[in-house]
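The values are calculated or read from the model by the stated rules, or taken from the named source; none is laboratory data. Keep in mind the model is a prediction, meaning the values are calculated, not measured. Positions of Cβ are generated from backbone atoms using ideal geometry, with glycine treated the same way; all protein chains shown enter the neighbour counts. These accessible areas exclude ligands, DNA and RNA; they are computed on the full protein's heavy atoms, side chains included. Shrake-Rupley method; radii C 1.70, N 1.55, O 1.52, S 1.80 Å.
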Amino acid sequence: MNKIAKIINDWDPIGFFPMAPKNEYANEIEKIYSFISSHPETHIQLLAEEINKIFLEAFERDIYNADMIQCTQIATQILNSNNTDK
């Protein structure tokens, strides 16, 4: 989960940092981790859609305005980082 946290925090889709605490995205990171854990064979597009959904539910469109291209890039990074754990 630490790799997911680093990727999401580096992405900082809302632009909270450096002002916010380091655990600002903890709930969203936990949801992404849970999704991956319960869908071990997930693919990039499915994870990208889930990441987008999680952030839209948490922050709504007026605050969160990332697009699917960004979510796909983040999903790729997350899945690639998980592959290095094996």
Query raised in the report: Identify, please: which residue in the range 8-26 is under 11 Å from the mean Cα position of the chain (by Cα) and surrounded by 11 or more Cβ atoms within 10 Å (Cβ to Cβ) and is, among those, farthest from Thr72 (Cα to Cα)?
Result: Ala26
Report summary line: Result of the Cβ filter at 7 Å on the range 12-27, keeping first residues that are touching a residue at least 12 places away in the same chain (Cβ under 8 Å) and partners that are part of a loop (DSSP other than H, G, I, E, B) and surrounded by 14 or more Cβ atoms within 10 Å (Cβ to Cβ), at least 6 apart or interchain, is Pro13/Tyr64; Pro13/Ala66; Ile14/Tyr64
Query raised in the report: Since Ile32 meets every condition but one in (1) open to solvent by 40 Å² or more (accessible area, probe 1.4 Å); (2) touching a helix residue (DSSP H, G or I) at 6+ places or on another chain (Cβ under 7 Å); (3) of a type in the set (Val, Ile, Thr), which condition does it not meet?
Result: (1)
Query raised in the report: For Asn9, are the conditions met, namely being polar (S, T, N, Q) and assigned to a loop (DSSP other than H, G, I, E, B)?
Result: no
